[in-house]
Structures are given as structure tokens and as C-alpha cells.
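What follows draws every value from the coordinates through simple rules; no lab data is involved. Computed from a predicted model, the values in this text were never measured in an experiment. Neighbour counts are summed over all protein chains in view; Cβ atoms, including those assigned to glycine, are modelled from backbone coordinates with ideal geometry.
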Amino acid sequence: MKSIVSSVILKRMLAAVAVVVLAGCETVQTTNSGVVGITRQQQMIVSSEAIDDAARQEYTALIADEGKKGELNRNPAEVSRVRAIANRLIPATAAFRPDALKWNWEVNVITSPEVNAWCMPGGKIAVYTGLIEKLHITDDELAAVMGHEMAHALREHARERASEQAVASTAISVGAAVLGIGDLGQKTAEYAYMGLLGLPNSRRHETEADRIGVELAARAGYDPRAAISLWQKMAQVGGPETVKFLSTHPSREERLSDLTNYSARVMPLYEQAKKRH
């Protein structure tokens, strides 16, 4: 009987939490669909202002730290190259959200062996020299990487993940308290959440960023098919692939298949843009 009562109470508590959460939740379409057809609506409870402020603070601190270590923008030729590509990609963002043209975009190169690049909310970009040098990356491939990372910012994936985790954390904490399952039980619930909802959502974000990324590259006059060779190179420098069930990224086979499909869709945009560049 006790378990039945707890179950009933839990459902009522979670319902109450849901009411509070939903009261502050908004359904948004962060971007236009583009040629690649991104139409999924997103549920947000965390404000864009909060995410953007946090991103600015984190980026400022990180860039200052890299500057102190002498690892920021050490190679003028690499910096010029990366910023030139960004300057062609940024105008292309208007196809997905015109307000992005007004973002305070920043682009820096960090000297590090790490094969990495990212774009924080609001257009704060960093490219690591390991990505450029280890992959012997072409301009088209670099545009694919940067377009992918910019797509995460355009779609506000960081805000969506923060909103999702805020809701889940509240529900799990309430459930653990009501059922008296303790820390171990709560951890089990958190792992279940990540496996059933959290990680699949990350894979969905990666796929959206891949598709938007190839369109940004094409609109900027970079060959969208370079995204395919890019990920083939990434596979060569990376270690054994993580089991998909525990991965936040699509499998390599799925990713390459999807990129092949969507790069073909945006080829007319590339052919048009080539005439302007």
C-alpha cells in the first residue's frame, strides 16, 4: 500500500511541478527552415538573455586566460584565414535568422593540439590549431566545421539543453524526495533520463547542426560536400567510436549518409554563390 500511495503522491507532485514549469515555458521556432527544412519547434524555460550573458562571461574569461598563456591568435596567417571564412559565413546566417546579423560575432584561434572548434551562444567562435593542422584542413572543410558550430548557436541548442535539464532535474529531485529513494536511486533516475531522453536529444542537435552547416557553407560559396571529407578525416584521427547508445553524436555511418543527402540538396545554392566569390 505504501508504494501505491507514494506513486499517487509522486504523480501529483510531478503534475504540480509541470504546471509551474509550463507556466514559464515557451514554444519557439528559433530559425527559419532553410532549404534543409529544419522545422522542429523547441520548448524553452531558460531565457535567451540568461544563456547569452553566461556565454559572454565564459568566453571573456576563456579568451583572457588563453591570452595570458600566449596561446591566443599566435599565427596571423591562421587567424586571417579563419576570420575570412567566418566573414563569408556570417551573412549566410540571415537565411535562418536575420537577427543573427546583429550579433556581436567574435572569432579567435587557440593554439592547442585539440581537434576542436565551437561557437557559443551569441556568436563567440574559437577554432583550435589542432583542427587545422592535424587534419590538413581545406577552406571548404573549415567552413563545414564552422558552419556546423554556428548552427548550434543559431538553433539555441545550449538554451534548449539547459531548459530540458532544468525540467528534468526538478522532476527527478521531487520524485527522489517523495519516494525516499536516496542518492543512489536518484543517480539511477538521472542515468535513465540521459539514456532515454538526454543523449538522443544531443544526437538530434548534432544532426540539425550538420544540415544547417552545409547550407551555411553552400550559401557562403564553399563546397558543402567538404563536410563529408571532413568527417572522414575526423574518423581517421579519432579513436574507436563510442557505442551509439551512450554517444551524443550520430554514428559515423549515419552522419556520412545524412551529409551526403543534404549536401546534395544545397548544391544549387553553392553553384549560385560561386559566381559571387
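Provide the convex hull volume over Cα atoms per residue for the stretch 44-107, in Å³.
Working: hull volume 6.0 nm³, N = 64.
Given the Cα convex hull of the stretch 44-107, per-residue volume reads 93 Å³.
I'd like to know how the stretch 82-155 sits against the 2.2 N^0.38 Å rule of thumb: what's its Cα Rg over that expected value?
Computed over Cα atoms of the stretch 82-155, the ratio equals 1.04.
In the structure shown, do any of K68/K124; K102/K124; K124/K274 have a Cα-Cα gap over 22 Å, and if so which? Intermediate results must be reported in sequence, preceding the final value.
Values: K68/K124 19 Å; K102/K124 13 Å; K124/K274 27 Å.
Distance filter (> 22 Å) returns K124/K274.
Could you work out how far apart the two model spin labels at N75 and K102 are, taking each label as a point 7 Å from the Cα in the direction of the beta carbon, and quote it in nm?
Result for the modelled spin labels: 3.7 nm.
Below 14 Å, Cα to Cα, which aspartates and glutamates can K134 reach? Residues fewer than 8 away in the same chain don't count.
E78, E114
Mind listing which GluC sites (Glu not before Pro) in the stretch 26-132 are in a DSSP loop and have 13 or fewer other Cβ atoms within 10 Å?
Details: sites: E26, E49, E58, E66, E71, E78, E106, E114; in loops: E71, E114.
Sparse-neighbourhood loop GluC sites (Glu not before Pro): E114.
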